[in-house]
Amino acid sequence: MTARSLDLIRDALVEIGPLGGVEMLDAVATTCLLLASADGAVSEAETVRIATTLMALTGTTEDLTLVQAALATLGRQFGARTTEEHIQDLAARLHDPAQRRRALSYAAGVAYADDHLGEEEEALLMRLAQAFGIRSQEAAGLIGQFRKA
């Protein structure tokens with residue numbers, strides 16, 4: 001990903017709004033891990049890349065070590081639950097529609113910053129959007145807004 005593309009994604013996320021706290025950061029990190037696990041497993045390298053990208057997009061690099069540690073812990077515990085259980089847990093934790101849209105957008109932004117969003121990842125984001133009560137047309141717009149970056 002080029003610095004220009006990362007800047008374009010960051011600019012789009014600024015319009016969506018800041019993550020706004022540990023709860024949102026955890027929800028987005030969990031969603032990013034779900035996307036990373038779409039191919040079957042989450043490697044330590046993927047965990048580090050998610051943390052680095054998430055911090056670059058949010059502009060808060062001082063918490064990078066903390067986020068990497070939290071993601072590593074989440075990653076080790078991740079396989080104990082099914083994808084559907086993770087999705088339902090996220091929907092139960094985030095009640096506010098604006099938070100749900102923001103979490104979906106940030107996760108899509110991180111995926112696009114990794115240079116791609118595969119079919120499995122996009123389908124997973126659409127399942128999450130459905131659990132969040134976001135209409136499919138709106139969800140497609142939230143997810144697809146980063147394609148041009």
Note to self: Six or more apart or on different chains, Cβ atoms under 9 Å: show the pairs whose first residue is in region 131-147 and in contact (Cβ under 8 Å) with a residue 60 or more places away in the chain and whose second is assigned to a loop (DSSP other than H, G, I, E, B).
What the structure shows: PHE146/LEU117
Next item on the list: Can you run down the residue pairs with Cβ atoms below 8 Å, 6 or more apart or on separate chains, where the first is in region 98-116 and at pLDDT below 90 and assigned to a loop (DSSP other than H, G, I, E, B) and the partner is crowded, with 19+ Cβ neighbours inside 10 Å and among the polar types (S, T, N, Q)?
Entry: ASP114/THR53
Item checked: Unique residue being crowded, with 18+ Cβ neighbours inside 10 Å, under 24 Å from ARG147 (Cα atoms) and at pLDDT 80 or above when the list is LEU33, LEU94 -> LEU33
Notebook entry, point to check: What pairs can you find where one residue is in region 1-25 and within 19 Å of ARG49 (Cβ to Cβ), the other is modelled with pLDDT of 85 or more and charged (D, E, K, R), and their Cβ atoms are less than 9 Å apart, with a gap of 6+ or different chains?
Noted result: LEU13/ARG102; LEU19/ARG102
Note to self: Against the condition more than 21 Å from THR52 (Cα to Cα), modelled with pLDDT of 90 or more, touching a Leu at 6+ places or on another chain (Cβ under 9 Å) and aliphatic (A, V, I, L, M), how does LEU142 come out, does it pass?
What the structure shows: yes
Check: Within region 123-141, restricting attention to residues that are under 13 Å from the mean Cα position of the chain (by Cα) and under 11 Å from ALA91 (Cα atoms), which residue is surrounded by the most Cβ atoms within 10 Å (Cβ to Cβ)?
Finding: LEU128
Margin query: Condition (residue is at positive phi, part of a loop (DSSP other than H, G, I, E, B) and either out of contact with any helix residue (DSSP H, G or I) (no Cβ under 8 Å at 6 or more places or on another chain) or modelled with pLDDT of 80 or more (or both)) applied to region 75-83: is it met by at least one residue?
Written below: no
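The values are calculated or read from the model by the stated rules, or taken from the named source; none is laboratory data. Quantities reported herein were computed from a predicted structural model and do not represent experimental measurements. Every residue, glycine as well, gets a Cβ built from its backbone with ideal geometry; the counts of neighbours run over all protein chains shown.
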